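Scroll down for the structure; my scribbles are underneath it.
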Amino acid sequence: MSNEKLPLDKSNDYTSDMAQARRTFVTEKTGVSFHHIDKFSFEPPTAKGNIENFAGVAQVPIGFAGPLNVIGEHAQGDFYVPMATTEGTLVASYNRGMKLCREAGGITTTVMDDAMQRAPLFVFENARYSRTFGKWVDTHFAHLKTKAEETTSIGKLLDIEQYTVGKLHWLRFNYSTGDAAGQNMVTKATHRACHWILEQNIEGLEHFTMAANMDTDKKHSHLNTLQTRGKRVVAEITIPKELLERIMHVSSEALFKQRQYSNAGSMLSNAISNGSHFANGITAVFIATGQDVANVAESSAGIVYVELKSNGDYYFSLTIPSLIVATYGGGTGLPTQRECLEMMDCYGAGKVNKLAEIVAATVLCGELSLGAAIVANEWVSSHEQYGRNR
């Protein structure tokens, strides 16, 4: 096994020369020449803070869907949505759903809640020490809030949930994080607060760790469904039955019946979502706009609720309880991703709830389109037409 390391310049690693050196090194080791990943339009220093061992780019096709008509509190009007994907039919399907919803008068969106967490663990000698600690935390919340917020000008500590098992005691710190996704922000803030706790010589404390899976970072949990992680967003619409028949070639009664089948299948499989494919639209928008794509693990879990109205119209809603998005920081400032955010007027301060509403509305369009395609027996034929690349 070779011990040769990739080329690295500790003083100035984000240069065209260093990127070329790494490509050359890997070519020598693997025999594969690179003719595409070395083609990009920004200067390598731009990627500092977003990637290590920078060698090039992955080019993912971007398609535009829209216009998407949103009646939100933050997103209002028509938007063209950038979707980065390699799955044929995906953009066409979302575009079809957007047409339906546009003709139905638009999608109403509401951000219900906003919270980002870090959940350190305190281990005690026994459960009674743990119980006493819980009361101590309640009493000292104001001081913990002050200590945590010393590290950030944006993050605000909202509350601290407490969960116990035996002598184990988790504190789940909940923050608002402005226009950033906020994982790093809340980690730093919680670290400061917890080390102030440790300085108080808490009686019976045996061990402390900054993380033990209770914040459920980069993975879904039922706790997130109940309590929110990121933005909790609802998108909803009532569609006249005539539109469903004309555009989607289905009746509202057939769609409603299919929803009951899907609910039963979700229950039987113990799925984390009763939706069809939240992850498709969320992932495509995340890649295009520079979001942390691993957060799709949490963001793609959601709940669909429908009603068949007495006049035959179809009410359709979805709730995304853990939509983690940002319009500032992370990958949002990279040139391509910034352009995609700017085309929706979603780059920078004060825009994160607007982006959350657009994402939720986009997901709704995809759910309606795929559901109708299954009912109308157009699912396979549409993939054969648009999705063949063999």
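The values are calculated or read from the model by the stated rules, or taken from the named source; none is laboratory data. Because the structure is predicted, anything quoted here is derived from the model rather than measured. Here Cβ is always computed from backbone atoms with ideal geometry, including for glycine, and neighbour counts include all displayed protein chains. For the accessible areas, the whole protein counts, side chains as well, though only heavy atoms, and no ligand, DNA or RNA atoms are used. Shrake-Rupley method; radii C 1.70, N 1.55, O 1.52, S 1.80 Å.
State to the nearest 20 debye the size of the charge dipole of the chain about its Cα centre, where the only charges are +1 on K and R beta carbons and -1 on D and E beta carbons. Don't skip to the end; give the middle numbers.
Values: 36 positive and 41 negative charges, 93 e Å.
I would put it at about 440 debye.
Quote the relative contact order of the chain in percent (integer), defining contacts as alpha-carbon pairs under 8 Å separated by 6+ residues.
20 percent
For the range 268-325, what is the convex hull (Cα atoms) projected area averaged across all directions, in square nanometres? Mind dumping the intermediate values first?
Details: hull surface 20.3 nm².
Computed as one quarter of the Cα hull surface, the answer is 5.1 nm².
Near LYS241, which aspartates and glutamates are there with a Cα under 18 Å away, not counting those fewer than 8 places off in the same chain?
Within reach: GLU103, GLU253, GLU307, ASP313, GLU367.
Could you give the length gained by full extension between ASP78 and ARG128, i.e. 0.36 nm per residue of separation minus their alpha carbon distance, to one decimal place? Kindly include the intermediate steps, with their values, before the conclusion.
Working: separation 50, 0.36 × 50 = 18.00 nm, distance 5.72 nm.
12.3 nm is the gain from fully extending ASP78 to ARG128.
What are the GluC sites (Glu not before Pro) within the range 183-284 that DSSP puts in a loop, where the Cβ has at most 16 other Cβ atoms within 10 Å?
Values: sites: GLU199, GLU203, GLU206, GLU236, GLU242, GLU245, GLU253; in loops: GLU199, GLU203.
Here the sparse-neighbourhood loop sites are GLU199, GLU203.
Considering only protein heavy atoms and a 1.4 Å probe, what is the carbon-and-sulfur percentage of the accessible area of the chain? Write down the numbers at each step before the final one.
On the way: 9750 of 18920 Å².
In the chain, the share of accessible area belonging to carbon and sulfur is 52 percent.
Membrane-span-like helices in the chain: DSSP H runs reaching 24 Å or more (Cα, own axis), mean Kyte hydropathy at least -1.0? Intermediate results must be reported in sequence, preceding the final value.
On the way: long enough: 252-269 (26 Å, -0.63); 352-375 (35 Å, 1.49).
Within the chain the helices that satisfy the rule are 252-269, 352-375.
Could you tell me what fraction of 2.2 N^0.38 Å the Cα radius of gyration of the range 118-236 comes to, as a two-decimal ratio? Don't skip to the answer; put the middle values down first.
On the way: Rg = 14.4 Å, N = 119, 2.2 N^0.38 = 13.5 Å.
Taking the Cα Rg and dividing by 2.2 N^0.38 Å, one obtains 1.07.
What residue among THR362, THR336, THR283 shows peak mean-square fluctuation when the chain is described by a Gaussian network model with Cα springs under 10 Å?
Of the options given, THR336 has the highest mean-square fluctuation.
Loop only by DSSP, 13 or fewer other Cβ within 10 Å of the Cβ. Give me the GluC sites (Glu not before Pro) in the range 124-187 that pass, ordered by residue number. Please list the in-between numbers first.
Values: sites: GLU125, GLU149, GLU150, GLU161; in loops: GLU125, GLU150.
Answer by residue number: GLU125, GLU150.
Residues in the range 247-276, backbone N under 16 Å from the label point at HIS222 (7 Å along the Cα-to-beta-carbon vector): list them, ranges by number please.
So the set is 266-274.
Under 23 Å Cα-Cα from LYS5, which lysines qualify once same-chain neighbours fewer than 8 residues away are excluded?
Output for LYS5: LYS29, LYS48.
Using the reciprocal of the averaged 1/r over all distinct C-alpha pairs, how large is the Kirkwood radius of the range 238-355 in Å?
On the way: mean 1/r = 0.0617 Å⁻¹.
Final number for the Kirkwood radius of the range 238-355 is 16.2 Å.
Determine the calculated [θ] at 222 nm for the chain from helices alone, applying -39500 (n - 2.57) to every DSSP H run no shorter than 4 residues and normalising by the residue count; nearest 500 deg cm²/dmol.
Numbers: 12 runs with 147 residues, N = 390.
Result for the chain: -12000 deg cm²/dmol, rounded to the nearest 500.
Using semi-axes √(5λ) of the Cα gyration tensor in Å as the read-out, say which of (i) 38, 25, 22; (ii) 38, 32, 19; (iii) 30, 24, 22 was calculated from these coordinates.
(ii)
List the trypsin sites (Lys or Arg not before Pro) within the range 130-224 that fall in a DSSP loop (any state other than H, G, I, E or B) and whose Cβ has at most 15 other Cβ atoms within 10 Å.
Numbers: sites: ARG131, LYS135, LYS145, LYS147, LYS156, LYS167, ARG172, LYS188, ARG192, LYS218, LYS219; in loops: LYS167, LYS218, LYS219.
Passing sites in the range 130-224 are LYS218, LYS219.
If one puts a single equal scatterer on every Cα of the range 184-271 and applies the Debye formula without solvent, what log₁₀ I(q)/I(0) results at q = 0.11, 0.12, 0.16 Å⁻¹?
The Debye formula, applied to the Cα set alone, gives -0.62, -0.68, -0.90.
Using θ = phi - 60° and the Karplus form 6.51 cos²θ - 1.76 cosθ + 1.60, what ³J(HN,Hα) does each residue of the range 227-237 get, whole Hz, x for Gly and Pro?
With the stated coefficients, the range 227-237 comes to 9, 5, 9, x, 9, 9, 10, 10, 10, 8, 7 Hz.
Heavy-atom accessible area per residue, the chain, 1.4 Å probe: how many Å²?
Numbers: 18920 Å² over 390 residues.
That works out to 49 Å² per residue.
May I ask which residue of LEU364, ALA189, GLY56 lies farthest towards the positive end of the charge dipole of the chain, with charges of +1 (Lys, Arg) and -1 (Asp, Glu) on Cβ and the Cα centre as origin?
Ranked along the dipole, the leading option is ALA189.
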